[in-house]
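**Student:** Once you've had a glance at the structure underneath, I'll fire off some questions.
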Ligand SMILES: Nc1nc2c(ncn2[C@@H]2O[C@H](COP(=O)(O)OP(=O)(O)OP(=O)(O)O)[C@@H](O)[C@H]2O)c(=O)[nH]1
Ligand SMILES: [Mg+2]
């Protein structure tokens with residue numbers, strides 16, 4: 001199970017319809033007055049939280065979201081129709097950012113926010129008629145709609161987060177614990193998007209376990225986006241590779257520094273030694289495991305379920 005927790009989308013509200021330049025033409029009135037109508041408003045782009053959606057995957061292929069334009073004014077003083085608003089459905093828990101700043105948070109189903117306003121409709125020449133100007137040839141065109149690039153980010157209800165240095169065995173641990181089948185490979189940075197697995201307790205309740213990459217990724221937004229998923233975790237599993245020759249205390253400190261800003265208050269932190277089939281667990285470990293032989297996996301799963309219930 002993998003999911004998309006961050007996407008970029010482009011929103012474009014509708015342009016207002018143009019005002020119309022027109023004069024009445026009727027058989028019995030040789031010189032009709034101005035009768036050009038106003039343009040309609042362009043449609044807004046509105047984001048709506050929809051509980052049917054669970055992640056941002058649909059936006060990977062649907063990047064551009066364009067609301068309809070307002071109708072142009074017409075002769076006989078007919079006004080253009082307003083463009084309909086475009087309602088774009090996003091999962092509850094979506095944060096909306098513009099230029100790196102949060103502009104909205106759609107937490108609950110049904111919440112909505114306008115992210116691009118449609119342009120005002122233009123003005124037809126009829127509106128300029130006055131006692132002095134009986135035949136104005138002036139109109140105002142419709143305004144452009146607002147447009148913007150937005151980032152959408154989503155916080156998942158992750159109960160257990162797995163962190164650690166690249167290649168520490170995070171994904172292998174996720175798979176062993178939950179039966180997920182995320183990609184495991186013998187080189188760092190295999191996992192770019194967080195991977196998820198379900199952990200089911202005796203009551204049938206599913207707790208989400210997430211393998212969060214990005215500890216070593218540089219500064220950047222990517223790292224913040226992945227580690228942001230820590231926010232809701234109640235247990236954090238810190239993987240420590242038993243077979244890595246670098247000083248384990250130094251490795252632990254490196255990861256702790258990297259995640260400090262994201263670590264939720266009150267989260268239970270557990271140091272899990274991985275790859276214990278290759279080397280003994282370092283003394284800093286709370287539990288010794290091997291995804292290869294299954295050592296310690298059932299015990300860790302039982303502990304997790306006890307903490308989560
Ligand atoms: N022998 C042995 N090898 C393991 C174990 N767990 C993981 N590995 C190996 O270690 C390498 C890295 O494992 P991953 O689970 O991909 O590590 P990761 O922390 O997810 O790595 P990135 O996603 O790249 O950061 C792979 O070659 C795995 O086969 C284990 O318990 N025993
Ligand atoms: Mg991985």
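**Student:** If you average 1/r over every pair of different alpha-carbon atoms in the range 158-308 and take one over that average, what Kirkwood value in Å do you get?
**Tutor:** 15.1
**Student:** I would also like to ask the following. Roughly what angle does helix 248-259 make with the longest principal axis of the chain, taking Cα atoms, 0 to 90 degrees, to the nearest 10?
**Tutor:** It works out to around 20 degrees.
**Student:** Using only Cα atoms and rounding to the nearest 10 degrees, what angle (0 to 90) does helix 297-308 make with the longest principal axis of the chain?
**Tutor:** 50
**Student:** Sort all Cα-Cα distances of the chain into consecutive 10 angstrom bins from zero, then give the percent of pairs in each bin up to the one containing the longest distance.
**Tutor:** Bins of 10 Å from zero give 6, 22, 22, 15, 11, 8, 7, 5, 3, 1, 0 percent of pairs.
**Student:** Cut-off 10 angstrom, C-alpha nodes, Gaussian network model of the chain. Which of 130, 290, 181 fluctuates the most?
**Tutor:** In the Gaussian network model the winner is 130.
**Student:** Further, regarding this structure: Would you compute, from DSSP H runs of 4+ residues alone, the mean residue ellipticity of the chain at 222 nm, taking -39500 (n - 2.57) per run and dividing by the full residue count, rounded to the nearest 500?
**Tutor:** Here the helix-only value at 222 nm equals -4000 deg cm²/dmol.
**Student:** Okay, moving on. If you average the alpha carbon positions of the range 9-40 and of the range 78-93, how far apart do those two centres end up, in angstrom?
**Tutor:** Spelled out, the Cα-based centre of one part sits 23 Å from the other.
**Student:** What ranking do 99, 44 get, fewest neighbouring Cβ atoms within 10 angstrom at the top?
**Tutor:** Neighbour counts put them in this order, fewest first: 99, 44.
**Student:** Quote the relative contact order of the chain in percent (integer), defining contacts as alpha-carbon pairs under 8 Å separated by 6+ residues.
**Tutor:** It comes to 17 percent, rounded to a whole number.
**Student:** Under Stokes-Einstein, with the Kirkwood radius over Cα pairs standing in for Rh, what whole-number D in µm²/s applies to the range 1-154 at 37 °C and 0.692 mPa s?
**Tutor:** 192
**Student:** With springs only between Cα atoms under 10 Å apart, run a GNM on the chain and tell me which of 87, 25, 251 wobbles the most.
**Tutor:** Of 87, 25, 251, the Gaussian network model singles out 25 as fluctuating most.
**Student:** Which of these, 93, 296, 266, has the largest mean-square fluctuation under a Gaussian network model of the chain (Cα springs below 10 Å)?
**Tutor:** Comparing 93, 296, 266 in the GNM, the peak value goes to 266.
**Student:** May I ask for the distance between the Cα centers of the range 174-191 and the range 219-294, given as a whole number of Å?
**Tutor:** Centre-to-centre (Cα) distance: 15 Å.
Any read-out appearing in this document is the output of simple, stated calculations on the displayed coordinates, not a laboratory observation. Computed from a predicted structure; not experimentally measured. Counting neighbours? That spans all protein chains shown, and the Cβs are built from the backbone with ideal geometry, glycine included.
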